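Everything on this sheet refers to the single structure shown next.
The values are calculated or read from the model by the stated rules, or taken from the named source; none is laboratory data. This is a predicted model, so every value here is computed, not measured. Because the Cβ atoms are built from the backbone with ideal geometry, glycine has one as well, and the counts that use them run over all protein chains shown. Surface areas here come from the heavy atoms of the whole protein model, side chains and all, with no ligands, DNA or RNA. Shrake-Rupley method; radii C 1.70, N 1.55, O 1.52, S 1.80 Å.
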Amino acid sequence: PEYHGWFDKWLAGIHNMSREEQQTEAQYIIDNYISETNYAQSVMSGIAGYFDRYPRIPYGRATAYTEKNPEAFAESFPFLNKLNDQFRELLPVRWATQRACADKLDPRFLIDNTVFTTLTVNHNWRTACHRDAGDLSTGFSNICGVTGPEGKGWRGGQFILPEYRIAVNLQPGDMLLVNNHEGIHGNDELIGEDNDRMTIVA
């Protein structure tokens, strides 16, 4: 109750003060209530491909990376087509459902000839436990572990499904098919400093 509406009450209370008193009050608010932090710690995660519409932007569009780097993004298509082929082979019913939904979209919003619209790329980043939002409810997430050109890989960083008490030791070249929008999941911490863990979630 003391917090609710405090700023409005404060503002109403300084309305009849002199300019100097208002400046003193404003400085008090700045010193005691306004954070000096103007940025968050950078997160080594990004997206590529295409977004669907949502209330603030009511149309589909390319992600910033895809729009600015179409040639570089196209270099990933052979890898993503292989991922799509493995998804079709390993979970044909789920793939067919996703294919049927993908076929209803404007093909400009699909990644090449795949059933994927969007990729999330995480590099040496420990995700908190969460459920994915915005996925096709009848689809499946395809997660691949890759490492940089030096191929040094990583230690730790297991993919964890705490509700099921499962931890998957995803390694470079592995592919994991998982229902990320139903199961709570996250990653364990990486061990040591010399890690190069990248995951691609399609």
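Quick rundown of the values:
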{"read-out": "Calculated Cα Rg over 2.2 N^0.38 Å (choose from [x] 1.07; [y] 1.21; [z] 1.40), label", "value": "[z]"}
{"read-out": "From phi via Karplus (6.51, -1.76, 1.60), per-residue ³J(HN,Hα) for the range 143-153 in Hz, x at Gly/Pro", "value": "10, 10, x, 9, 10, x, x, 6, x, 7, x"}
{"read-out": "Estimated 222 nm signal from helices in the chain, with DSSP H stretches of n ≥ 4 weighted -39500 (n - 2.57), rounded to 500", "value": "-8500 deg cm²/dmol"}
{"read-out": "Over the range 140-202, relative contact order from alpha-carbon pairs under 8 Å, at least 6 apart, %", "value": "53 percent"}
{"read-out": "Zone residues, the range 161-202, relative to Glu150, backbone N less than 12 Å from point 7 Å out along Cα-to-Cβ", "value": "193-197"}
{"read-out": "Residues whose placed amide H lies under 5 Å from that of Gly157, excluding near-sequence neighbours", "value": "Asp188, Glu189, Leu190, Ile191"}
{"read-out": "Cα long-axis angle, helix 77-90 against the chain (0 to 90 degrees, to the nearest 10)", "value": "70 degrees"}
{"read-out": "Highest-MSF residue in the chain out of Ala167, Ala12, Ala96 [GNM, Cα springs under 10 Å]", "value": "Ala12"}
{"read-out": "With Cα atoms, 0 to 90° folded angle of helix 19-33 axis to the chain main axis", "value": "40 degrees"}
{"read-out": "Sites Asn113 and Arg165, calculated FRET efficiency, Cβ-Cβ separation with R0 41 Å, nearest 0.05", "value": "0.60"}
{"read-out": "Long-range amide H partners of Asp174 with built H, under 5 Å", "value": "Gly145"}
{"read-out": "Debye log10 I(q)/I(0) at q = 0.15, 0.22, 0.23 Å⁻¹ for the range 119-202, Cα point scatterers", "value": "-0.50, -1.06, -1.15"}
{"read-out": "Relative contact order of the range 63-136, pairs being alpha-carbon contacts under 8 Å that are 6 or more residues apart, as %", "value": "25 percent"}
{"read-out": "Loop-resident sites, the range 1-93, for trypsin sites (Lys or Arg not before Pro), counting at most 13 other Cβ within 10 Å (DSSP)", "value": "Arg53, Arg56"}
{"read-out": "Residues of the chain: accessible area per residue with a 1.4 Å probe, Å²", "value": "67 Å²"}
{"read-out": "GNM result for the chain, Cα springs below 10 Å: residue of Asn16, Asn69, Asn179 fluctuating most strongly", "value": "Asn16"}
{"read-out": "Long-range amide H partners of Ile166 with built H, under 5 Å", "value": "Leu161"}
{"read-out": "Phi-based couplings in Hz for the range 130-140 (Karplus 6.51, -1.76, 1.60; Gly and Pro marked x)", "value": "6, 10, 6, 10, x, 6, 5, 5, 9, x, 9"}
{"read-out": "Relative contact order (%) - criterion: Cα under 8 Å, at least six apart; region: the chain", "value": "20 percent"}
